[in-house]
Amino acid sequence: MLETVKLSKSFKGKKVVDEINIYLDAGESVGLLGPNGAGKSTTISMISSLIRPTSGDIKLDGKSTIKDPSEIRKVLGVVPQEIALYEELTAYENLKFFGQTYQVKKDILEGRIQEVLEMVGLKERQKELIKTFSGGMKRRINIAAALLHQPKILILDEPTVGIDPQSRNHILETVRELNKTSGTTVLYTSHYMEEVEQLCKRVYIMDRGKIIASGSKEELLSILSTEDTIQVQLSNRSESLIDTIKSFSNVFQLDETNVGLRIISKKNSNLLSKLVLASEKEGIQIVNYQVEIPSLEDVFLHLTGKTLRD
Amino acid sequence: MSSFIKKDILVFWRDRKEILMALLLPIILIVILNFAFSGLFKDDEEAIHIDIALLVADDEKVGKEQFEHAVKETELSPTEKEKVLDEAANLNPVGLIHDFLINPEIQDWITIKEISEQEATKQVNNGDLDAIIRIPEGFTYEVLSVVLLDERPNHIPVNILAKDPSTEVGALQDIVHNFVHSLNVQFALGSTGETVYAEPVLPQGGREVVEGIDTYSISQYFTIAISTLFALFLAQTVALKTVTEKRERVVNRILLTNSNPINFLLGKTVSTFILVCIQMVITFTAVQLLLSVFPGKTLEFWVGLVVIMIAFSLTVAGLSSLFTSIVLHLSDSNTASGLFTLIIMGLGVLGGSFFPLEGLPNVFQKIGEWTPNGLTQTTAIKWIQFSDMSDLFFPLTVLTAISIVCFAISMSIFPNRGRI
């Protein structure tokens, strides 16, 4: 349905998006993960036709949208990261204005406004000014405004940043419902891994302008199939014990965390017995030993060497 | 486009601070300035008051007897002599001057004291009196001889005696000069002053009243100057709303709806036009009700004034559109705000919104007359003075043209995709 081909964007000679290839099939829900500055928002701006790519192409049903973006704009609903609403207008007035600019026919606009308000759970508050809303409520209206023209593809750029858990759940539920019941194709960007895990069947991981991994959740987790991540809590910190663990042949990486040590080792390498021996020798007790079930966060860490919220 | 207009008006309307600034502040300023400067342009009779003594050295009875004797000496027929003497009996030149000086209109300017010549001279020297009007001996005889016997006048003048050539004395000389001049048509008499100046000087500090031309007052000047200045600020206010729209990515959201950018600009332009019209109506109505700035004006005058203000509102709307396009180009809202304030203050100074254009050097006056507010002000003042429709055509065409040019420029510099 929608694909990018070697899409790139440079600002003042610096490449912020580097030849990325993304595709969205009809009815799919796809996540775009990446830390701040990874290039997610620039990618979305290019896909939604707000900025021109430096090179590459964006195709909607096989047809380039670069020169004439009017077709993609018709089928696209974009929820920007910012609250792109008029604070001095009520929720209803905002939706009416954007509905009119989307050229939703007069006779169905009123119905659509009520539908989207119902969808985001703010029908009762429609006559109130946006500036009186909480951050979460504003974000819900922000989504509602992108749904007025019944878009086939919905792009959400970090729609849950800085909001309360209740609104966050509401937003996630709304997006899930849209994807499930209306068959809306969703491209969801976030640096909240758990949201993407909940919502998306497929995930693109982006870092420094590049797609560094993609696939279903299972496919991405399989990247870590050869490794174990072990959290170890010790009674005392010991430099020599750390050096000893690092010297174990199956340990790939050791990081100190605020609760102890985080060890990445070869899968099923029976590290525990070696660790017990080494700690006894140093007179240190092992308080806690836990082999973690890998998550996408671990995949991201494995791929980039940093966490999503770095 | 109507949705854009409605949105812009609503956004402005809900901003109470801006509403107070745009609608109340000009009214308050006009009222304050009107009271503060009301002395500047007050009517002459209010600004100037003259205390005089009227001294009559002429004896009317003696004059008439002299005249009767002179008539008898002429070669006129008895019937003609009888007719001339009848007319002379009804003519009282000293009385005419006295009546003129005590008529109600003149009395607003002049207070006449009836005192002796010695006392009058003393008071003039002390500064208690502005001047003495002295009707010389033989005045009645001379006037009657000239009027009724066609004799060449001996130029017996009405003397005005004063210590200093003050504005008041100048005004008095004008009054008397004008009166005697009007009598000269019949009497062929002259009048001269014996003060240190000879030529009549128009009253200073008052307003010059020319027949057929109405004058404009300080209140009218401030009403036009302040309302046009604040209208210019409205262009800035509406344009700066775009800063928030840009920052919050509302502009981007609008662009994603496939809306033509012209709708966005037209929304700003038309809403500014409507807001300026509302501002003007409220300001002029409030000021008229509070200060009666345009007393006794005809419906035609008001229609003309509305037409001028509509043309000016169009220009402000064009400016707002230009400012909006500039805002979309600038990344720093403070730069935009500073730039627009500078432009508007510049227009305010050059266009005579802070003080009348007449106070500026000639070259600046010429430039000022081409600024939107300056041109509007000049046109409105002309309209107050002459109410001549033909005076409106050119300036209104220029104002409309400025509006169109501003809009065209704003369209041409409207940022391309990805530049907002």
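Can you tell me which residues in the range B:338-351 are touching a residue at least 12 places away in the same chain (Cβ under 8 Å) and open to solvent by less than 40 Å² (accessible area, probe 1.4 Å)? Correct list: B:Phe340, B:Ile344, B:Leu347, B:Gly348, B:Gly351.
If the requirement is being open to solvent by less than 50 Å² (accessible area, probe 1.4 Å), modelled with pLDDT of 90 or more, within 20 Å of the chain's Cα centre (by Cα) and at negative phi, which of these qualifies: B:Ile27, B:Ile5?
Only one candidate qualifies: B:Ile27.
The set of residues in the range B:65-84 that are open to solvent by 50 Å² or more (accessible area, probe 1.4 Å) and in a helix (DSSP H, G or I) comprises B:Glu65, B:Gln66, B:Glu68, B:His69, B:Lys72, B:Glu73, B:Pro78, B:Thr79, B:Glu80, B:Glu82, B:Lys83. Scanning the range A:118-140 for residues that are in contact (Cβ under 8 Å) with a residue 12 or more places away in the chain, open to solvent by 60 Å² or more (accessible area, probe 1.4 Å) and away from chain B (no Cβ under 13 Å) yields A:Met119, A:Arg125, A:Lys127.
Residues in the range A:3-55 that are closer than 27 Å to A:Arg176 by Cβ and touching a helix residue (DSSP H, G or I) at 6+ places or on another chain (Cβ under 7 Å): A:Thr4, A:Ile20, A:Ser29, A:Gly31, A:Leu32, A:Leu33, A:Gly34, A:Ser48, A:Ser49, A:Leu50.
Quick test for you: out of B:Leu319, B:Leu328, B:Leu291, pick the one residue that is open to solvent by less than 10 Å² (accessible area, probe 1.4 Å), in contact (Cβ under 8 Å) with a residue 40 or more places away in the chain and at negative phi.
On the way: B:Leu319 fails: open to solvent by less than 10 Å² (accessible area, probe 1.4 Å); B:Leu291 fails: open to solvent by less than 10 Å² (accessible area, probe 1.4 Å).
Testing whether each residue is open to solvent by less than 10 Å² (accessible area, probe 1.4 Å), in contact (Cβ under 8 Å) with a residue 40 or more places away in the chain and at negative phi leaves just B:Leu328.
Count, please, the residues in the range A:102-117 that happen to be surrounded by fewer than 23 Cβ atoms within 10 Å (Cβ to Cβ) and either touching a residue at least 60 places away in the same chain (Cβ under 8 Å) or within 9 Å of chain B (Cβ to nearest Cβ) (or both). Counting residues in the range A:102-117 that are surrounded by fewer than 23 Cβ atoms within 10 Å (Cβ to Cβ) and either touching a residue at least 60 places away in the same chain (Cβ under 8 Å) or within 9 Å of chain B (Cβ to nearest Cβ) (or both) gives 1.
When the range B:1-40 is filtered for residues that are without any contact (Cβ under 8 Å) to a residue 24 or more places away in the chain and acidic (Asp, Glu), only B:Asp15 remains. In this structure, B:Thr283 does not qualify as assigned to a helix (DSSP H, G or I) and within 14 Å of chain A (Cβ to nearest Cβ). Within the bounds of the range A:17-27, is there any residue that is under 25 Å from A:Ile212 (Cα atoms), aliphatic (A, V, I, L, M) and open to solvent by 50 Å² or more (accessible area, probe 1.4 Å)? Within the range A:17-27, one or more residues are under 25 Å from A:Ile212 (Cα atoms), aliphatic (A, V, I, L, M) and open to solvent by 50 Å² or more (accessible area, probe 1.4 Å).
Return the only residue of A:Ile171, A:Ile155, A:Ile143 being within 16 Å of A:Gly27 (Cα to Cα) and open to solvent by less than 10 Å² (accessible area, probe 1.4 Å).
Working: A:Ile171 fails: within 16 Å of A:Gly27 (Cα to Cα); A:Ile143 fails: within 16 Å of A:Gly27 (Cα to Cα).
Going through A:Ile171, A:Ile155, A:Ile143 in turn, the sole match is A:Ile155.
Of all residues in the range B:223-244, those satisfying the criterion of being open to solvent by less than 10 Å² (accessible area, probe 1.4 Å) and within 14 Å of chain A (Cβ to nearest Cβ) are B:Val238, B:Thr242. Listed here are the strands (runs of 3 or more DSSP E) enclosed by the range A:179-293 that have at least 3 residues being hydrophobic (A, V, I, L, M, F, W, C), open to solvent by less than 20 Å² (accessible area, probe 1.4 Å) and in contact (Cβ under 8 Å) with a residue 60 or more places away in the chain: A:202-207. Scanning the range A:34-72 for residues that are closer than 13 Å to A:Asn21 by Cα and polar (S, T, N, Q) yields A:Thr43, A:Ser55.
Out of the residues in the range B:246-277 that are within 10 Å of chain A (Cβ to nearest Cβ), charged (D, E, K, R) and closer than 18 Å to B:Phe12 by Cα, which is least open to solvent (accessible area, probe 1.4 Å)? Residue satisfying both the conditions and the ranking: B:Glu248. Condition (residue is aromatic (Phe, Trp, Tyr) and more than 24 Å from A:Ala26 (Cβ to Cβ)) applied to the range A:129-140: is it met by at least one residue? Looking for residues that are aromatic (Phe, Trp, Tyr) and more than 24 Å from A:Ala26 (Cβ to Cβ), one finds at least one in the range A:129-140, hence yes. Within the range B:106-138, the set of residues being open to solvent by less than 30 Å² (accessible area, probe 1.4 Å), assigned to a helix (DSSP H, G or I) and either modelled with pLDDT under 80 or touching a helix residue (DSSP H, G or I) at 6+ places or on another chain (Cβ under 6 Å) (or both) comprises just one member, B:Ile106. Counting the residues of the range A:243-262 that are under 18 Å from A:Lys281 (Cα atoms) and out of contact with any strand residue (DSSP E or B) (no Cβ under 7 Å at 6 or more places or on another chain) gives 4.
Pairs are defined by a Cβ separation below 8 Å, a sequence spacing of at least 6 or placement on different chains, a first member in the range B:115-127 that is in contact (Cβ under 8 Å) with a residue 60 or more places away in the chain, and a second member that is assigned to a helix (DSSP H, G or I) and of a type outside the set (Phe, Trp, Tyr); the pairs so defined are B:Ile115/B:Gln123. Residues of the range A:136-180 that are charged (D, E, K, R) and over 20 Å from A:Tyr86 (Cβ atoms): A:Lys152, A:Glu158, A:Asp164, A:Arg168, A:Glu173, A:Arg176, A:Glu177, A:Lys180.
Give the residues of the range A:90-101 that are open to solvent by 10 Å² or more (accessible area, probe 1.4 Å) and at the interface with another protein chain (Cβ under 10 Å from one of its Cβ atoms), sorted by residue number.
A:Thr90, A:Glu93, A:Lys96, A:Gln100 - these are the residues of the range A:90-101 that are open to solvent by 10 Å² or more (accessible area, probe 1.4 Å) and at the interface with another protein chain (Cβ under 10 Å from one of its Cβ atoms).
One residue stands out in the range B:10-24 among those that are more than 11 Å from chain A (Cβ to nearest Cβ) and more than 25 Å from the chain's Cα centre (by Cα): the one that is surrounded by the fewest Cβ atoms within 10 Å (Cβ to Cβ), namely B:Lys17.
Tell me which of these A:Ser49 doesn't satisfy, since it passes every other one: (1) small (Gly, Ala, Ser); (2) farther than 23 Å from A:Ser10 by Cβ; (3) at the interface with another protein chain (Cβ under 9 Å from one of its Cβ atoms). Going through (1) small (Gly, Ala, Ser); (2) farther than 23 Å from A:Ser10 by Cβ; (3) at the interface with another protein chain (Cβ under 9 Å from one of its Cβ atoms) one by one, A:Ser49 breaks only (2).
The values are calculated or read from the model by the stated rules, or taken from the named source; none is laboratory data. If you're wondering where the values come from, they're calculated on a predicted model, not measured in any experiment. A quick note on method: Cβ atoms are made from the backbone with ideal geometry, for glycine too, and the neighbour counts reach across all protein chains shown. Side chains are part of the model used for accessible areas, which takes the heavy atoms of the whole protein and leaves out ligands, DNA and RNA. Shrake-Rupley method; radii C 1.70, N 1.55, O 1.52, S 1.80 Å.
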